[in-house]
1. Take residues that are of a type in the set (Val, Ile, Thr) and tell me which of the strands (runs of 3 or more DSSP E) falling wholly in region 1-68 contain 3 or more.
2. Identify all residues within region 42-70 that are within 17 Å of residue 5 (Cα to Cα), touching a residue at least 24 places away in the same chain (Cβ under 8 Å) and not hydrophobic (A, V, I, L, M, F, W, C); write none if there are none.
3. Just wondering, is there one or more residues in region 71-92 that are of a type in the set (Val, Ile, Thr), touching a residue at least 24 places away in the same chain (Cβ under 8 Å) and open to solvent by 100 Å² or more (accessible area, probe 1.4 Å)?
4. Exactly one of these conditions fails for residue 23: (1) closer than 27 Å to residue 7 by Cβ; (2) open to solvent by 40 Å² or more (accessible area, probe 1.4 Å); (3) in contact with a Ser or Thr (Cβ under 9 Å, 6 or more places away or on another chain). Give me its number.
5. Residues 69, 44: which one is among the β-branched types (Val, Ile, Thr) and modelled with pLDDT under 95?
Amino acid sequence: MSLRLIYDDPTIVLNMQSMNGKVDQSLGLARNVPMHIGDITLYIQIHVIRSPAYDILLGRPFDILTKSIVQNYVNKDQTITIRDPNSGHITTIPTTP
């Protein structure tokens, strides 16, 4: 996936360690990027990584900001419920395998 983001702060970097032990340093930080999830728009900070093994990696700051709740089902379906931190609006979206 290529979003063609401008990472406006190359001085903020972090080291990301993969499951295989490889460490990659981020290229910089893209600030206030609009992210549309269901009918909620969040403005998030994205650490840009060259050729990651994932499309997007959401971590603890996202979970805290949105008060996310993950629901797993017997049939292996999964949904994530998030809350808009500004309006309090709640939306539930399915995940994909």
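1. Details: elements: 15-17, 23-25, 28-37, 40-48.
Those strands (runs of 3 or more DSSP E) span 40-48.
2. 47, 50, 52, 55
3. Taking region 71-92 as the starting set, the residues that turn out to be of a type in the set (Val, Ile, Thr) are 74, 79-82, 90-92.
From the residues that got through so far, the ones that are touching a residue at least 24 places away in the same chain (Cβ under 8 Å) too are 82, 91-92.
Still in the list and also open to solvent by 100 Å² or more (accessible area, probe 1.4 Å): none.
No: region 71-92 contains no residue that is of a type in the set (Val, Ile, Thr), touching a residue at least 24 places away in the same chain (Cβ under 8 Å) and open to solvent by 100 Å² or more (accessible area, probe 1.4 Å).
4. (3)
5. Working: 69 fails: modelled with pLDDT under 95.
None of the other options fit; the residue is 44.
The values are calculated or read from the model by the stated rules, or taken from the named source; none is laboratory data. The structure displayed is predicted, hence computed values, not measured ones. Virtual Cβ from ideal backbone geometry, glycine too; neighbours counted across all protein chains shown. Calculation scope for accessible area: heavy atoms of the full protein, side chains included, ligands and nucleic acids excluded. Shrake-Rupley method; radii C 1.70, N 1.55, O 1.52, S 1.80 Å.
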